[in-house]
Protein chains: 2
Amino acid sequence: MKKINTSPLSGMQELTPAMQAQFDKLKSGIAQAFWMHGFQHIETPLIERTEVLLAKAGGDTEKQIYKVIKTDETADKANQALRFDHTVPLARYTVEHMNDLAFPFKVTQIARNFRGERAQRGRFREFYQCDVDVVGRENLPVAYDAEVIATLTDAIRVLPVPEFVVRVSNRKLLGGMLEELNLEHLAEKIFSVVDHAEKVPKEKTEMSLEELGLGAENVVKITTFIEMRGERLEIIDKLRSFGFENENFQAGIAELDEVLGLVEVLSPGTKVIADMLIVRGLDYYTGTVFETVVPQYREFGSICSGGRYENLAGYYTEQSLPGVGGSIGLTRLFAVLVEAELVQASKQKPIDACVIPLSEHEIAEANRVADNLRKTGWSVDVVLGDNKLSAKLKYASRVARKAAVIGDDELKSGKYKLRDFESGVDAIQQI
Amino acid sequence: MKKINTSPLSGMQELTPAMQAQFDKLKSGIAQAFWMHGFQHIETPLIERTEVLLAKAGGDTEKQIYKVIKTDETADKANQALRFDHTVPLARYTVEHMNDLAFPFKVTQIARNFRGERAQRGRFREFYQCDVDVVGRENLPVAYDAEVIATLTDAIRVLPVPEFVVRVSNRKLLGGMLEELNLEHLAEKIFSVVDHAEKVPKEKTEMSLEELGLGAENVVKITTFIEMRGERLEIIDKLRSFGFENENFQAGIAELDEVLGLVEVLSPGTKVIADMLIVRGLDYYTGTVFETVVPQYREFGSICSGGRYENLAGYYTEQSLPGVGGSIGLTRLFAVLVEAELVQASKQKPIDACVIPLSEHEIAEANRVADNLRKTGWSVDVVLGDNKLSAKLKYASRVARKAAVIGDDELKSGKYKLRDFESGVDAIQQI
């Protein structure tokens, strides 16, 4: 009988050991892919000054943060909170440690973040994010936008994710178009309409734009624009055919062309398209933006997204630190992979072998056998205590792939049997 | 010029990438040692219900916890907090997932915990703890106390820690002695005096005991007892010579003898002694207790400690779950290892190689070279952008051990030079 509720808090992942092993495997696969691309790992504290966390954030973020108070403090004095992403701490870190870093600073963070939002299906309050970022000092070549995408796609390839498509755009395109059409004063509202366009019928988007008073001709131009998606050369041609001479728009075309072309080079085999529907409107991106979808599982949403930000740390330093980054939301992704049965608690047992000393007299020898197996890279449990052998074998069959019993006979012969539980075959081994 | 303070909060570890790499190496070495001994990895949320965290904890713990509140909540409504150790969440986890676990449940947790105590030298508010625990259902052989110690010592061996000594005792000894002397009513106070005895002069300890009104003879018995330390056989003999027939005392002797003997067997070469000064008075241990010290660096304090608890989850279930566990406080240990210069930011560069395409025409080929090097297990950065070659080489020499330039000549010859920055030697490689 339970006395206190022992379920984890809602919105927080907690896995059985078998599922945890699956999760760990995906996490370390991602970390390995990032590392292979030359990204350096850092860790920042989970708690930051509220002042740091909210320097750039908008009202929604403020509502979602978890404040942290020591028990003897009052809430109004609380000036610390749990971080909600890796980007804000990265900005603080880069300024703080600037003299110890080589630029461009290729950096990865893989850890938990927190959002105190209402718990709902598929939304986590505590979640792993796996980020890569490249931060430049004063300038950062656009080529790194492609490198970030290529690195993330290499990481996704180690996951049990079916064929995916990277959708890329550049915020300078819609931004420049609105300048050209003298609609800059409505830019924020238009970006917001476009950001939601995928979730509503086309008519609703048109209506929302009309309601802003753009005029029918402009609404057509914008809806034509956001419907453009396809291969690089085709979309670049179509963008040029708008005939806009606006500098931002032209820069957007050139950057999009370079980034898409370079992703094809750096990540051969990755399906990457230009898609003007992508704006990532609520974020602080200023150039390249991208999302990644799995056509076979539309319900996954974007499994990996990011973009270019013109200045990472404007609230902390006068120095300009342009950056580009992206993130895999691993906790959410793991949940959808489990639901789609693309991840299953493997039938493989958590450990490789159990070695069972028949009595306390054989513990030393059993431990030597275990140590020798460990040297081959195995995880080995020496089963202790005076339970019956049958109970020990039953335990072994639940946790291990193989088992050996070490008794008097084995000591005398210098040989033991290593039983494989699945095949039932015994392999004879030297002690 | 900084605008907002960018230092991390006090009491929170934040490392440069080079030091982070060292920290990560130690952490994964420990995880590997635990895994090899057949411990299964789990993760629990960092946030728990206050009710769960404080079910067993005393007043000091309550003062040290970080409460967590959503921004729109008031502090008096706060019923969630950051966990302060791994043991309380493990108790909740074991009850919650009981049907998915095989017992004895050998489990490891390696993650951050939080204590909102006053920041001071060597004390962290956010810190990694690396725990192993074995949890039994209804019973758990004392042999697992030795297995926990053997596993932890194997883990310490992968760290740059000089020769260490494991100091072991059993709380049933002092407990049984106090029963025998009819001093049970003072047990809590006496345990507390003994727990502090190492930090004060002997006279102070005697005075504190006298002040409790034990009588001179009892004070002598207790001080004689707590001065006993040495090899197993010697101390077991001395303990027997007290002549106490008390059941607890006798059980303490038998368990201590078994645990020490078995550690010698399971962890040959480890220096392990019986030491009656160890009581770990503020914890919830009921049998075996141990600490680990480095004689060459007394100032390190105990780098790893733990013990046996009779019932892990009495607040959550009627079922008896005896356990034994121990923990390496990695964040604190890392700090003292750095201070003692036993860990140094290695001169080794964070990544293995930089591949530099001479112009954008060679990016594809440079990326192919990089991918081939990655397949050999290397971390490789393709240096992008149109900076001068000299600037790219300077960057490469800061972050990588080796570098290659891929230009027109290399494409034509099908060969490139892989320069080792330290030796200055060029190795000729096939593209």
Requested in this report: Kindly check whether there is at least one residue in region A:140-151 that is within 30 Å of A:K27 (Cα to Cα), aliphatic (A, V, I, L, M) and part of a loop (DSSP other than H, G, I, E, B).
Outcome: yes
Requested in this report: Go through region B:18-58 and count every residue that is within 9 Å of chain A (Cβ to nearest Cβ), open to solvent by 40 Å² or more (accessible area, probe 1.4 Å) and in a helix (DSSP H, G or I).
Outcome: 5
Report task. Could you list, in sequence order, all residues of region A:317-361 that are of a type in the set (G, A, S) and buried (at least 16 other Cβ atoms within 10 Å of the Cβ)? Result -> A:G323, A:G325, A:G326, A:S327, A:G329, A:A335, A:A340, A:A353
Query raised in the report: Of all residues in region B:215-234, which are assigned to a helix (DSSP H, G or I), more than 33 Å from the chain's Cα centre (by Cα) and free of Cβ contacts under 8 Å to residues at least 24 places away in the same chain?
Result: B:A216, B:E217, B:V219, B:V220
Query raised in the report: Within region B:300-309, can one find any residue that is open to solvent by 50 Å² or more (accessible area, probe 1.4 Å) and of a type outside the set (G, A, S)?
Result: no
Query raised in the report: Can you name the residue in region B:363-380 that is in contact with a helix residue (DSSP H, G or I) (Cβ under 7 Å, 6 or more places away or on another chain) and either at the interface with chain A (Cβ under 8 Å from one of its Cβ atoms) or not charged (D, E, K, R) (or both) and, of all such residues, is nearest to B:A18 (Cα to Cα)?
Result: B:S379
Query raised in the report: Can you name every residue in region B:95-110 that is facing chain A (nearest Cβ under 9 Å) and touching a residue at least 60 places away in the same chain (Cβ under 8 Å)?
Result: B:V95, B:F105, B:K106, B:V107
Report task. Residue by residue through region A:407-431, note down the ones that are assigned to a strand (DSSP E or B), in contact (Cβ under 8 Å) with a residue 12 or more places away in the chain and either within 24 Å of B:V134 (Cβ to Cβ) or not hydrophobic (A, V, I, L, M, F, W, C) (or both). Result -> A:K415, A:Y416, A:K417, A:L418, A:R419, A:D420, A:Q429, A:Q430
Query raised in the report: In region B:379-406, what residues are within 20 Å of B:Q430 (Cα to Cα) and free of Cβ contacts under 8 Å to residues at least 40 places away in the same chain?
Result: B:S379, B:V380, B:D381, B:V382, B:V383
Report task. Taking A:T292 as meeting all but one of (1) part of a helix (DSSP H, G or I); (2) in contact (Cβ under 8 Å) with a residue 24 or more places away in the chain; (3) under 21 Å from the mean Cα position of the chain (by Cα), write down the number of the exception. Result -> (1)
Query raised in the report: Restricted to region B:389-405, and to residues that are more than 13 Å from chain A (Cβ to nearest Cβ) and not in a helix (DSSP H, G or I), which residue is farthest from the chain's Cα centre (by Cα)?
Result: B:V405
**Report entry** Matching residues, region A:159-214, being of a type in the set (D, E) and either touching a residue at least 60 places away in the same chain (Cβ under 8 Å) or more than 30 Å from A:Y297 (Cβ to Cβ) (or both)
**Finding:** A:E163, A:E179, A:E180, A:E184, A:E188, A:D195, A:E198, A:E210, A:E211
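The values are calculated or read from the model by the stated rules, or taken from the named source; none is laboratory data. Owing to the predicted nature of the structure, the values given are computational and were not obtained by experimental measurement. Cβ atoms come from the backbone with ideal geometry, glycine included; neighbour counts cover every protein chain shown. Ligands, DNA and RNA are excluded from the accessible area calculation, which covers all protein heavy atoms including side chains. Shrake-Rupley method; radii C 1.70, N 1.55, O 1.52, S 1.80 Å.
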